[in-house]
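Each remark here refers to the structure printed beneath this line.
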Amino acid sequence: MPEGTAGRLSARRILGLVTDPDTFTELPYPTRQSRPDGPLAWQGYDASRARAAERTGEEESVVVGTARVEGTAAVLIAFEFGFLGGSLGERTGDRLEAAYVHARAHRLPVVPLVATGGSRMQEGMLALSQLQRVARQSALTREAGLPQIAVLRDPTTGGGWATLGAGADVVLALPGAQVGFAGSRVRPPDADPAAYTAEAQVAAGSADAVVSAEELKPVLGLWLRLLTTPATAPADPPPALGGSGLPTTGWEAVQRARAPRRPRAEAYLDAYFSRRVALSGDRCGGADPGGMLCGFGERDGRGVAFAAQTGTATRPAGYRTAARLIRLADRLDIPVLTLVDTPGAANDAEAERQGAGAAIAELFAEVAAARTPITTLVIGEGGSGGALALAAPHNTWATPDSYFSVIAPEPATAILKRPPEEAEATAAQLRIRPQDLVELGVIRGIVDHHGNTPTTPPPPGPRPG
């Protein structure tokens, strides 16, 4: 049976695929006294478990232990789909709880390698209640500041997807894996099967990336390293990559920021990080990969989070994804770099239906409440609250080919009931050049091509409004 390009791998085979050789140590499992045919006395249940054990060589549907992945120690939870469809029962819950308790005791990240059809029918509501147990352990682990990275195998459905999978901080998936809350036997007969795939979940913002079996170990290893070895100091603003020299007028600042050949976020991220991985999706049904780039990168061997606008109008899903990133970085004590570059938030009818205002408010709140240091560089257009939401109070910098404004000059002109040809004069009055912003105390300084940042002391109290 296919599992992306890797086949439907057993628990032991997937563990062998992602762990460093000879590093996996299985954890001791709790013992549970069980009445004949399980807690519901389901006739034939013992025989079914015996056949599953003989077929797979396992005594339950999960194997848990510790290992290293590309050198980083972690607790791994591998589902054995061949054991009653990888279903969750009471003994499965015992093993899962033991894994999370061990992770917290030893300060290790948790990696669920999920392949399950959901709760075990032969244990009824006692099986379903294991989802609450798993959710509690996951929440405690999150509260302890430890990352959880799920890998979705084929299939990942039911409660396993709704807890261990979708509840993880980062969700990776093998190509072609069946992923969805409804399994193939219970979904509507006319349901589009393409909606229940790993690829569809990435497009819908519920998973971060589809990763081939061949790339899974290095990608997982990089994620683990970046999330467990954070940079110990705030991120430095990147050096400017575009034109040098400051604009003489506000309109010149606007034109330079809008220049088609001006370096964009991708160029800045490539120059700043030696390697990076993408965090994608808002976990609310949306993604904005063309408008907001989020993820974690390696800088001088340490992890730094980033959220970067790409020069387009940012969609609500982009703001929610950035808020998700900042929450995760804050919990893991990882510094954040944000790059501001947008003419403003998307303001079409669909953006309003998707909750543009609420999404921007969420990002404002996460930036304001973050304890981890956030550094911002304005690299192009800084249009209105759609740009300011991503900017760090008292630690925002700018490049020479950028501007920051209460709103772009053209809509500002319209708001002031001026004729369109006065946009240039309005730009001058708004004082939106980088040097104006320094003088006003809105930004700390202007970076040059060498990363030099002539600084001004952070202003006391709230930033001038």
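Close amide H contacts of residue 62 (hydrogens built in the peptide plane, cut-off under 5 Å, sequence separation of 5 or more or a different chain): 80. Close amide H partners of residue 156, meaning residues 5 or more places away or on another chain with modelled amide H under 5 Å apart, are 116, 178, 179, 180. Per residue, the solvent-accessible area of segment 1-145 (1.4 Å probe, heavy atoms of protein chains only, all protein chains present) comes to 46 Å². Subtracting the Cα-Cα distance of residue 414 and residue 368 from 0.36 nm times their residue separation leaves 13.5 nm of extension gain.
The value of relative contact order for the chain, using C-alpha pairs under 8 Å at least six residues apart, is 11 percent. Modelled spin-label separation between residue 73 and residue 278, with each label point placed 7 Å from Cα along the Cα-to-Cβ direction: 3.4 nm. Rounded to whole numbers, the Karplus 3J(HN,Hα) couplings from phi for segment 401-410 are 9, 9, 8, 9, 9, 4, 6, 4, x, 5 Hz, using 6.51 cos²θ - 1.76 cosθ + 1.60 with θ = phi - 60°, and x at Gly and Pro. Shown for the chain: the carbon plus sulfur share of the solvent-accessible area, taken with all protein chains present and a 1.4 angstrom probe, equals 55%. For residue 375, the amide hydrogen comes within under 5 Å of the amide hydrogens of 235, 336, 337, 338, counting only partners 5 or more places away or on other chains and with H modelled in the peptide plane. Label separation (residue 255 vs residue 191): 5.7 nm, computed from points 7 Å beyond Cα along the C-beta direction.
Projected label points at residue 429 and residue 43, each 7 Å from Cα along the beta carbon direction, are separated by 8.7 nanometres.
The values are calculated or read from the model by the stated rules, or taken from the named source; none is laboratory data. Every value quoted in this text rests on a predicted model; they were computed, and no experiment measured them. FYI the Cβ positions are ideal-geometry reconstructions off the backbone, even for glycines, and counts take in every protein chain you see. Just so you know, the surface numbers come from the protein's heavy atoms only, side chains and all, with ligands and any DNA or RNA stripped out. Shrake-Rupley method; radii C 1.70, N 1.55, O 1.52, S 1.80 Å.
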